[in-house]
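Report on the structure given below.
The values are calculated or read from the model by the stated rules, or taken from the named source; none is laboratory data. In this text, all values refer to a predicted model and were calculated from it rather than measured experimentally. Note that we place each Cβ from the backbone using ideal geometry, even for glycine, and neighbour counts take in every protein chain shown.
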Amino acid sequence: MEITGAMVKELRERTGAGILDCKKALAETGGDADKAIAILREKGLAAAAKKAGRIAAEGIVDSYIHMNGKIGVLVEVNCETDFVAKTDAFKALVHDIALQIAAANPQYLDKADVPADALEKEKEILRAQALNEGKPEKIIERMVEGRISKFYVDNCLLEQPFVKDPDKTVKGLIADATAAIGEKISVRRFVRYERGEGMQKREEDFAAEVAKQMAGRA
């Protein structure tokens, strides 16, 4: 079986192991990611995977304000110890994640957080688009499943390309940090505010409103 770059990238994001180690493990297992993870763990190379079961109850809440107060973000990122939470490396990671949220506006943390009704609604839209494009019905479902991957990338924080390095996802960024810092790291929750979001915009500016009032008095 051909071992693709995408397969290696996904395994690296799941384990934090090196690219060559991931490629070799996948080659040994015929492309089976779960078996490859087991091999990497046996060799002590799957740093992130080994830490996945640990409890991360420490960490920090960071804020990021962008564009002169137009966008604001609060994010909680957890680690295992207070010592790591106070390090510059961890603080920099959390700040980068806050920056990502401000820039990319994710609606959910991970794929599992997307509500079933929201996912089905998106699939209905994609089906309608495919039909309008004149695609044969027998391939529409395959197309929908392929396109829903982009929906996850657009809307799920961990699936998004990292704004400072688009070749790496946020999930990969965290996996790298887990391997480098030596503790389990996880994003627990976040909220993003954008000034005026959800408010009905005034259609007329103040000057136009005054002119209208003056005309009424004439």
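Starting from residues that are surrounded by 15 or more Cβ atoms within 10 Å (Cβ to Cβ) and among the β-branched types (Val, Ile, Thr), keep the ones in region 82-120 and report whichever is nearest to Lys150 (Cα to Cα).
Of everything passing the filter in region 82-120, Val114 is nearest to Lys150 (Cα to Cα).
Taking region 121-150, which residues are touching a Leu at 6+ places or on another chain (Cβ under 8 Å), surrounded by 13 or more Cβ atoms within 10 Å (Cβ to Cβ) and not aliphatic (A, V, I, L, M)? Outline the logic, then answer.
So the first thing to find is which residues in region 121-150 are touching a Leu at 6+ places or on another chain (Cβ under 8 Å), and the list is 137, 140, 143-144, 147-148.
Next, from what is left, pick out any that are surrounded by 13 or more Cβ atoms within 10 Å (Cβ to Cβ): 140, 143-144, 147-148.
Of everything in region 121-150, just one residue is touching a Leu at 6+ places or on another chain (Cβ under 8 Å), surrounded by 13 or more Cβ atoms within 10 Å (Cβ to Cβ) and not aliphatic (A, V, I, L, M), namely Arg147.
If Gly134 passes every condition in (1) in a helix (DSSP H, G or I); (2) not assigned by TED's automatic domain parsing to the domain that holds Lys168 but one, which one does it miss?
Condition (1) is where Gly134 drops out.
Just give me the residues in region 1-30 being modelled with pLDDT of 85 or more and surrounded by fewer than 16 Cβ atoms within 10 Å (Cβ to Cβ), in sequence order.
Glu2, Thr4, Gly5, Ala6, Ala27, Glu28, Gly30
Just one of the numbered conditions (1) in a helix (DSSP H, G or I); (2) at pLDDT below 95; (3) under 26 Å from Lys9 (Cα atoms); (4) of a type in the set (Val, Ile, Thr) is not true of Ile55; which one?
In the conditions (1) in a helix (DSSP H, G or I); (2) at pLDDT below 95; (3) under 26 Å from Lys9 (Cα atoms); (4) of a type in the set (Val, Ile, Thr), Ile55 misses (1) alone.
Only one residue in Gly196, Gly146 is modelled with pLDDT under 90, assigned to a loop (DSSP other than H, G, I, E, B) and not aliphatic (A, V, I, L, M). Which one?
Gly196
Being at negative phi, touching a strand residue (DSSP E or B) at 6+ places or on another chain (Cβ under 6 Å) and among the basic types (Lys, Arg) is true for just one of Lys123, Lys111. Which residue is that?
Just a single option satisfies the conditions, and that option is Lys111.
Determine the pairs where a residue that is closer than 20 Å to Ala177 by Cβ, located within region 18-31, has a partner that is surrounded by fewer than 17 Cβ atoms within 10 Å (Cβ to Cβ) and not aliphatic (A, V, I, L, M) with Cβ atoms under 8 Å apart, the partner being 6 or more residues away or on another chain.
So the pair list comes out as Asp21/Lys43.
How many residues, within region 56-96, are aliphatic (A, V, I, L, M) and out of contact with any helix residue (DSSP H, G or I) (no Cβ under 7 Å at 6 or more places or on another chain)?
The qualifying residues number 9.
Taking Glu183 and the conditions (1) within 21 Å of Ser63 (Cα to Cα); (2) surrounded by 13 or more Cβ atoms within 10 Å (Cβ to Cβ); (3) more than 15 Å from the chain's Cα centre (by Cα); (4) charged (D, E, K, R), which numbered condition does it fall short on, given that it satisfies the others?
(1)
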